[in-house]
Each structure stands twice: as structure tokens, then as C-alpha cells.
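Please treat every number below as a calculation from the coordinates, not as lab data. Everything quoted here is computed from the prediction, not taken from an experiment. Cβ coordinates were reconstructed from backbone atoms using ideal geometry, including for glycine residues, and neighbour counts include every protein chain displayed.
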Amino acid sequence: ARGSRVVSVAVLRQSSRNGWRRRIRLSSCSCSYSSELYEVGSTAERLKPSTTVAISDLATEMKREGKDVISLAPGEPDFDTPQRIALAGQNAIGEGKTKYSPNAGVADLREAIVRKLERENGISGLSASKNIVVT
């Protein structure tokens, strides 16, 4: 039905008399939209990838060419998540901690940071709510 939820959207480029045109394909769903193509408007035609995405794509291409590349573009580590972190994430999901945190960060973490700064760095007088932000 037309009100069904779409799971994924792919941007396609299709040749036309006037050059390449971007189209979107809605797929991976059991709805009437499944393989229909919709032309993207002129505003979307002018969109360019972010610099971060462009640099990341360049680094990926250079790696495919066999070049030794350390890409810092996406801020994504080149190693697996440590087991203790993965388990903490699984536990948090099991405890229902699956929503966005407050903009300034989780209060318990901010308070722990204040205690750490006092204990290990000798910095006192900080307020978790006024001086600490975790993003």
C-alpha cells in the first residue's frame, strides 16, 4: 500500500539526452513503491557530498590501489571495538538505554568526570551541570 514504510533509498544516475540525471529507487520493502523510479528535483541535483565523505571516498579508492593510507576523515577507528566496550553497549541495550542522551550528556557520566578531575587532576569547584559537556 502507498502508506507502507520504505526501508532503504538508493540514489541512481541514469543517462539521458541532456546528460546524467539522478533518480532514486525505493527498495527493500514490500510496498508498491518497491522498484519505481522517481526523478529528483533540481535542488537535489545541486547537492554535493560533504568534504568528510569526499575525503573518505578518496582514501578508500587509494587503499584499493594498494597505497598505504591512514584515513582520519570519518573519525572512525581502524580497529575492532574492544570487547569490554562492546559488552557495555550490549548491557546498555538490555537495560533499555536506547534513546538519545540529553544534549549536555548523561548526568552520571558528567558527575563522574567532575570526581575524576578533582581526584586525579586536583581541579575543584566544578559543577557537572554547569562546567561539563559530553558529546
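Which one is nearest to the chain's Cα centre (by Cα), of the residues in the stretch 82-101 that are part of a loop (DSSP other than H, G, I, E, B) and surrounded by 11 or more Cβ atoms within 10 Å (Cβ to Cβ)? For the stretch 82-101, the residue satisfying everything is S101.
For K97, state whether it is basic (K, R) and farther than 19 Å from V134 by Cβ. No, not satisfied.
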